[in-house]
């Protein structure tokens, strides 16, 4: 591996947006470290996938120091050039029903907020020297559910994504002078395996472009935010939803 190769840490890489992001960045010469609760899957067929995978549960906040130490040990020059926080959980009720306030207990709130929000802040804090050394770009994956009530996204998920948009602004403000840019992308209805029944109605009535997005379109936006083409963009949240938010 070249000492000048750019390195990205990506959480939630096993499917959908994460999988497409790995593929795109590898096509453009990056090395990708992936994090997942699951062990390495043989279905992840990209080069060096097995040796660059780290198994960790982001909901276990006490384990984040071990995760950060593992990441540090894999950086040949102590530089991390991008951190893409794509992992997220959205618990469902019976029949994949939406969990509102009445159906969401303290355990669900804690689990969702730890994975979708708190772990991101703490992991950034733990890896700050490496991010600063690499003049890194941080990209947080929020959601359209963070800015409007969504028929499929539960209350804890929606609140966590709204808070992640606020955290994005805070990180941009606090670390911009250190050469670290922080932005967010807010996907809408993207064609992945986790789409809920009824999505076709949203496409037909709420999305001006009248189609789903595809993971590659999201990955291209992530790449843009990690490239020099976006060198003066900091603290932004980019909507990727075909106009669903308008």
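Computed values, structure above
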read-out	value
Flag if residue 211 is at positive phi and in contact with a helix residue (DSSP H, G or I) (Cβ under 9 Å, 6 or more places away or on another chain)	no
Conditions (1) touching a helix residue (DSSP H, G or I) at 6+ places or on another chain (Cβ under 6 Å); (2) farther than 23 Å from residue 20 by Cβ; (3) modelled with pLDDT under 90: number failed by residue 192	(2)
Residues of the stretch 55-90 that turn out to be crowded, with 17+ Cβ neighbours inside 10 Å and either over 18 Å from residue 14 (Cβ atoms) or in contact with a strand residue (DSSP E or B) (Cβ under 8 Å, 6 or more places away or on another chain) (or both), as a count	17
Any chance residue 48 is at pLDDT 90 or above and under 30 Å from residue 231 (Cβ atoms)	no
Subset tally (residues that are within 24 Å of residue 225 (Cα to Cα), outside any loop (DSSP other than H, G, I, E, B), in contact with a helix residue (DSSP H, G or I) (Cβ under 6 Å, 6 or more places away or on another chain) and in contact (Cβ under 8 Å) with a residue 24 or more places away in the chain) for the stretch 139-156	3
In the stretch 19-36, residue surrounded by the fewest Cβ atoms within 10 Å (Cβ to Cβ) [restricted to those that are under 15 Å from residue 224 (Cα atoms) and either in contact with a helix residue (DSSP H, G or I) (Cβ under 7 Å, 6 or more places away or on another chain) or in contact (Cβ under 8 Å) with a residue 60 or more places away in the chain (or both)]	28
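The values are calculated or read from the model by the stated rules, or taken from the named source; none is laboratory data. Just so it is clear, the model here is predicted, and its values are computed rather than measured. Cβ atoms come from the backbone with ideal geometry, glycine included; neighbour counts cover every protein chain shown.
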